[in-house]
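Chemist: The structure under discussion is supplied below as structure tokens; questions concerning it will follow.
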């Protein structure tokens, strides 16, 4: 009987400990400011710096009259909006982090990324030690503005869900 009770207590401790380590978390990108042109160019970098993002966590982008583009690192650094991996439109986008590594998001509205509306997220698996992403240098001079977004397909244009770039959709199915 005492062995059964010890086993139950041990099992309860393991469930409590493991549950708290692997709990999924919802992150409101930009905190109370949401997803908008920031007052300082490094605002989103500072917002993400002290957070630990893990596989299974979800990012929530809250915005109006804008969009969220998932892009490559190179496009992130150059604020290049013409060839995104994924495009989100609407006012309330949720994105689940499904793998470890870096994710790069920028605003799809012309000129917003150059003003600092972009965020790089480093995701670790729940069993790895997390570390913050390396500091990003602020841009010395903004690159020329890109042409407006074009050639996207949306399942339902009335529903602000996911729109895919025709070029990228076949290469990035895992997102």
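The values are calculated or read from the model by the stated rules, or taken from the named source; none is laboratory data. Predicted model only: the values in this text are computed from it and were never measured. Cβ placement follows ideal geometry from the backbone for every residue including glycine, while neighbour counts extend to all protein chains displayed.
Chemist: Test of understanding: among 139, 143, which residue is within 26 Å of residue 32 (Cβ to Cβ), modelled with pLDDT under 50, touching a helix residue (DSSP H, G or I) at 6+ places or on another chain (Cβ under 8 Å) and not in a strand (DSSP E or B)?
Modeler: 139
Chemist: Please state which of the following conditions residue 27 fails to meet, knowing it meets all the rest: (1) in contact (Cβ under 8 Å) with a residue 40 or more places away in the chain; (2) not in a loop (DSSP other than H, G, I, E, B).
Modeler: (1)
Chemist: Is it the case, given these coordinates, that residue 52 is more than 19 Å from residue 115 (Cβ to Cβ) and touching a helix residue (DSSP H, G or I) at 6+ places or on another chain (Cβ under 7 Å)?
Modeler: Spelling it out, it is not the case that residue 52 is more than 19 Å from residue 115 (Cβ to Cβ) and touching a helix residue (DSSP H, G or I) at 6+ places or on another chain (Cβ under 7 Å).
Chemist: Within the stretch 115-133, is there a residue that is under 19 Å from residue 62 (Cα atoms), at pLDDT 95 or above and out of contact with any strand residue (DSSP E or B) (no Cβ under 9 Å at 6 or more places or on another chain)?
Modeler: yes
Chemist: When you scan the stretch 69-76, do you find a residue that is over 13 Å from residue 119 (Cβ atoms), within 11 Å of the chain's Cα centre (by Cα) and part of a loop (DSSP other than H, G, I, E, B), even just one?
Modeler: no
Chemist: Residue under question is residue 89, and the condition is that it be modelled with pLDDT of 80 or more and loosely packed, with under 12 Cβ neighbours inside 10 Å; does it hold?
Modeler: no
Chemist: Another one. So residue 54 clears everything in (1) farther than 21 Å from residue 124 by Cβ; (2) modelled with pLDDT of 95 or more; (3) surrounded by 15 or more Cβ atoms within 10 Å (Cβ to Cβ) except one condition, right? Which one?
Modeler: In the conditions (1) farther than 21 Å from residue 124 by Cβ; (2) modelled with pLDDT of 95 or more; (3) surrounded by 15 or more Cβ atoms within 10 Å (Cβ to Cβ), residue 54 misses (1) alone.
Chemist: When you go through 38, 84 one by one, which is the residue that is surrounded by 14 or more Cβ atoms within 10 Å (Cβ to Cβ), part of a loop (DSSP other than H, G, I, E, B) and either in contact with a strand residue (DSSP E or B) (Cβ under 8 Å, 6 or more places away or on another chain) or at pLDDT below 95 (or both)?
Modeler: Sole residue among the options that is surrounded by 14 or more Cβ atoms within 10 Å (Cβ to Cβ), part of a loop (DSSP other than H, G, I, E, B) and either in contact with a strand residue (DSSP E or B) (Cβ under 8 Å, 6 or more places away or on another chain) or at pLDDT below 95 (or both): 84.
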